[in-house]
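J.: Submitted below is the structure of interest, expressed as structure tokens.
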Amino acid sequence: MLRCITIAGSLFALCASMAVAEPVTKPITLFNGKDLTNFYTYLGKPYFDKNSKDKRVVKPYGKNNDPDKVFTVVDGAIRVSGEVFGCFTTEKEYENYHLVTEFKWGTKTWPPRVNNTMDSGILLHCVGADGAAGGNWMESIECQMIEGGTGDFILVGGKGRPKLTATVKQIGKQWYFDPKGEAKEFTGGRINWFGRDPDWKDVKGFRGKNDVEKVAGEWNKLEC
């Protein structure tokens, strides 16, 4: 099974899949502009301050249970609040796809990332159980969406370990995509986009000197 997209909370994660192969002769529009038909939602545990005197046991919200309205449709777009980590995932499975989507950042952030970079992602080729990765996502290859690092790839492990081969160069202890670099197989970690600032900091509003992602409030087009 191969799901194509998960969109995670300020963290925005879109997950897709593949069952009986059907030939595609025209573009498939996954989002109808009105509701989350073609998707299901999955949410992990809501944030809970472990230092609080309140000692309730906090459980994951799970599938299609969204009491905090993390995922809503507003003005023809899917709004992901980010208040609880999770994703919305395609009901059908897909393979050999070219995904085109648009996104923009809002302004509201939530604990435990109130002062951190706005962070989301598109989880490609999702397999296995919902919540297997960190209690929130599926095993997948993530096209990262984060201030200063949109376009990075992260290997999100679940029961298994996804693999990705990329041509890269090493800067310090990190790997950066380089079309002229050596081919290296990865089974974990992150491959930075070629222009990611080596001095990247996890602070809200971060802008690297080579960033092409637009500022909060403006639309970006992202293709996978």
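The values are calculated or read from the model by the stated rules, or taken from the named source; none is laboratory data. In this text, all values refer to a predicted model and were calculated from it rather than measured experimentally. Don't worry about glycine lacking a Cβ; one is built from the backbone with ideal geometry, like all the others, and counts go over all protein chains shown. Accessible surface is based on the protein model in full, side chains and every heavy atom, while ligands, DNA and RNA are left aside. Shrake-Rupley method; radii C 1.70, N 1.55, O 1.52, S 1.80 Å.
Quick grid of which residues meet (1) assigned to a strand (DSSP E or B); (2) farther than 19 Å from Asp35 by Cα; (3) in contact with a Ser or Thr (Cβ under 9 Å, 6 or more places away or on another chain):
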residue	(1), (2), (3)
Ser52	no, yes, no
Lys55	no, yes, no
Thr72	yes, no, yes
Glu83	no, yes, yes
Phe88	yes, no, yes
Lys92	yes, no, yes
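J.: Take the residues in the stretch 65-82 that are more than 14 Å from Lys108 (Cα to Cα) and of a type in the set (D, E, K, R); name whichever of them is surrounded by the fewest Cβ atoms within 10 Å (Cβ to Cβ).
T.: Here the residue is Asp75.
J.: Under 7 Å by Cβ, and 6 or more places apart or on different chains, what pairs join a residue from the stretch 54-79 that is under 20 Å from Ile122 (Cβ atoms) with one that is open to solvent by 100 Å² or more (accessible area, probe 1.4 Å) and assigned to a loop (DSSP other than H, G, I, E, B)?
T.: Going by the 7 Å Cβ cut-off, the qualifying pairs are Val73/Lys34.
J.: For the stretch 96-116, name all the residues that are under 19 Å from Val70 (Cβ atoms) and open to solvent by less than 30 Å² (accessible area, probe 1.4 Å). Please lay out each step first, then the result.
T.: Our first condition is that a residue be under 19 Å from Val70 (Cβ atoms); within the stretch 96-116, this holds for 101, 103-114, 116.
The answer is Thr101, Phe103, Trp105, Thr109.
J.: Still on this structure, I have one more. Being in contact with a Leu (Cβ under 7 Å, 6 or more places away or on another chain) and outside any strand (DSSP E or B) is the filter here, so list the residues in the stretch 162-189 that pass it. Let's see the steps before the verdict.
T.: At the first step, the residues of the stretch 162-189 found to be in contact with a Leu (Cβ under 7 Å, 6 or more places away or on another chain) are 162, 164, 186-189.
Across the stretch 162-189, the qualifying residues are Pro162, Thr187, Gly188.
J.: I'd like the full set of residues that are open to solvent by 50 Å² or more (accessible area, probe 1.4 Å) and under 13 Å from Gln144 (Cβ atoms), limited to the stretch 185-201. Walk me through it before giving the result.
T.: Residues of the stretch 185-201 open to solvent by 50 Å² or more (accessible area, probe 1.4 Å): 185, 187, 190, 194, 198-201.
Within the stretch 185-201, Arg190, Trp200 meet the criteria.
J.: Would you say Gly131 is more than 26 Å from Thr29 (Cβ to Cβ), of a type outside the set (Ser, Thr, Tyr), touching a Phe, Trp or Tyr at 6+ places or on another chain (Cβ under 8 Å) and modelled with pLDDT of 95 or more? Working first, answer last.
T.: Numbers: more than 26 Å from Thr29 (Cβ to Cβ): yes; of a type outside the set (Ser, Thr, Tyr): yes; touching a Phe, Trp or Tyr at 6+ places or on another chain (Cβ under 8 Å): yes; modelled with pLDDT of 95 or more: yes.
Taking the combined requirement at face value, the residue satisfies it.
J.: Something else: In this structure, does Arg207 turn out to be in contact with a Leu (Cβ under 8 Å, 6 or more places away or on another chain), in contact (Cβ under 8 Å) with a residue 12 or more places away in the chain, outside any strand (DSSP E or B) and basic (Lys, Arg)? Give the steps one after another, and end with the answer.
T.: Values: in contact with a Leu (Cβ under 8 Å, 6 or more places away or on another chain): no; in contact (Cβ under 8 Å) with a residue 12 or more places away in the chain: yes; outside any strand (DSSP E or B): yes; basic (Lys, Arg): yes.
Against the criterion (in contact with a Leu (Cβ under 8 Å, 6 or more places away or on another chain), in contact (Cβ under 8 Å) with a residue 12 or more places away in the chain, outside any strand (DSSP E or B) and basic (Lys, Arg)), Arg207 does not qualify.
The rows are residues; the columns are (1) at negative phi; (2) charged (D, E, K, R); (3) modelled with pLDDT of 75 or more.
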{"residue": "Leu2", "(1), (2), (3)": "yes, no, no"}
{"residue": "Ile5", "(1), (2), (3)": "yes, no, no"}
{"residue": "Ala8", "(1), (2), (3)": "yes, no, no"}
{"residue": "Ala13", "(1), (2), (3)": "yes, no, no"}
{"residue": "Lys34", "(1), (2), (3)": "yes, yes, yes"}
{"residue": "Tyr42", "(1), (2), (3)": "yes, no, yes"}
{"residue": "Ser52", "(1), (2), (3)": "yes, no, yes"}
{"residue": "Asn65", "(1), (2), (3)": "yes, no, yes"}
{"residue": "Ile78", "(1), (2), (3)": "yes, no, yes"}
